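Please read the structure below before turning to the comments.
The values are calculated or read from the model by the stated rules, or taken from the named source; none is laboratory data. The shown structure was predicted, so the numbers you read here are calculated from the model rather than taken from an experiment. Positions of Cβ are generated from backbone atoms using ideal geometry, with glycine treated the same way; all protein chains shown enter the neighbour counts. Heavy atoms of the whole protein, side chains included, go into the accessibility calculation; ligands, DNA and RNA do not. Shrake-Rupley method; radii C 1.70, N 1.55, O 1.52, S 1.80 Å.
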Amino acid sequence: MSVAVSLQNVCKTYDKTPVVDDLSFDIRSGEMFGLLGPNGAGKSTTIRMITTLTRPSSGRIEVAGCDTVRYRGQVKRRIGVVLQQISVDSDLTVWENMEFHGRLHHIPSPYRQKEIDRWLDYVELGDRRDSLAKTLSGGMKRRLQIARALLHEPEILFLDEPTVGLDPQTRRRLWEIIRDLNKQGMTMLLTTHYMDEVEYLCDRIGIMDGGKLIELGTLQDLKHRHGEGLVMKQTGDRWQYQFFPTVEEANSHLASLSDRTGMMARPTNLEDIFVELTGRELN
Ligand code: ADP
């Protein structure tokens, strides 16, 4: 399988402090890759480097085979970016936001108009084309951002916390859109604070902490590595976790104890592994 994004020994330093520290990993073509980590782990900085918004202090990043520093323009043409901050122009209409982006990317008319209609329909904003962006709900603005990021037909889409602050129904709708795009062959890198989002959407998961990649693999790989079964024990207001290779082994361990007060056995989930690795929960 070909490689869509490749990071080799990438570092980023601010004021002599390493924020991203010797990061190396690949994202395969067609893959949905999830980047997880506590606040300050370096996820946004990593996305900003891959999407050419900031340069690595050292190391090398290639997107679709192009070095992000040497071939910045080419890289920008081949990627779509949906950043954390809602970045639509609120004083323009939905359609004008799309038109502006289309012109920036030199997409010729009348093809541009056709594509704007197509993508607005795809994210179900066709009937809001003449609304000012500031009148849209949070979920609609996010869909507009996605439609706009897709207009110039990128090969790789970057989504930085795409569903933060959205209600559960709107999140689900966005998940469907994201999944459908991936099924159509789009490579995606997603950062999120939501474990269920990663479990539902991502083929592989990278966990960052302190600027380093501390875990990489499929959800199944991670469970296999850390243990598929778990015994939890409540002491005071804290829970202690003990991992076991299988749920059966966790169950038998629990059954073998004479005092099981405040204890339970269950299958491991991604959040358990995350907390085990980073020592803190996401907020
Ligand atoms: P995450 O997205 O995982 O929360 P970030 O990449 O935003 O992490 O930030 C990682 C660290 O880098 C944080 O400690 C943050 O304060 C620092 N940082 C990010 N951008 C800058 C900057 N432009 N100047 C100085 N420090 C920065």
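Taking amide H as placed 1.01 Å from N in the peptide plane, the amide H of residue 32 sits under 5 Å from that of 188, 203, 204, each at least 5 places away or on another chain.
Shown in residue order for the stretch 205-216 are the 3J(HN,Hα) couplings computed by the Karplus curve 6.51 cos²θ - 1.76 cosθ + 1.60 at θ = phi - 60°: 10, x, 10, 10, 8, x, x, 10, 8, 9, 7, 8 Hz (x for Gly and Pro). With a cut-off of 10 Å between beta carbons, the residues surrounding residue 205 carry a summed charge of -3, where Lys and Arg count +1 and Asp and Glu -1.
For the stretch 228-267, the per residue solvent-accessible surface stands at 67 Å², with DNA, RNA and ligands left out and a 1.4 Å probe.
Neighbours of residue 141, meaning other residues whose beta-carbon lies under 15 angstrom from its beta-carbon, give a summed charge of +1 when Lys and Arg score +1 and Asp and Glu score -1. With θ taken as phi - 60° and the Karplus curve 6.51 cos²θ - 1.76 cosθ + 1.60 applied, the whole-hertz 3J(HN,Hα) list for the stretch 148-155 is 5, 5, 8, 4, 8, 6, x, 8 Hz, x standing for glycine and proline.
Couplings 3J(HN,Hα) for the stretch 121-136, derived from phi with the Karplus relation 6.51 cos²θ - 1.76 cosθ + 1.60 (θ = phi - 60°), are 5, 4, 9, 6, 10, x, 7, 10, 4, 9, 7, 5, 4, 5, 8, 7 Hz, where x marks Gly and Pro. Within the accessible surface of the chain, defined with a 1.4 Å probe on protein heavy atoms only, the carbon and sulfur portion equals 47 percent.
Across q = 0.08, 0.09, 0.10, 0.14 Å⁻¹, the chain modelled as identical point scatterers on its alpha-carbon atoms has Debye log10 I(q)/I(0) values of -0.40, -0.50, -0.60, -1.03, in the order of the q list.
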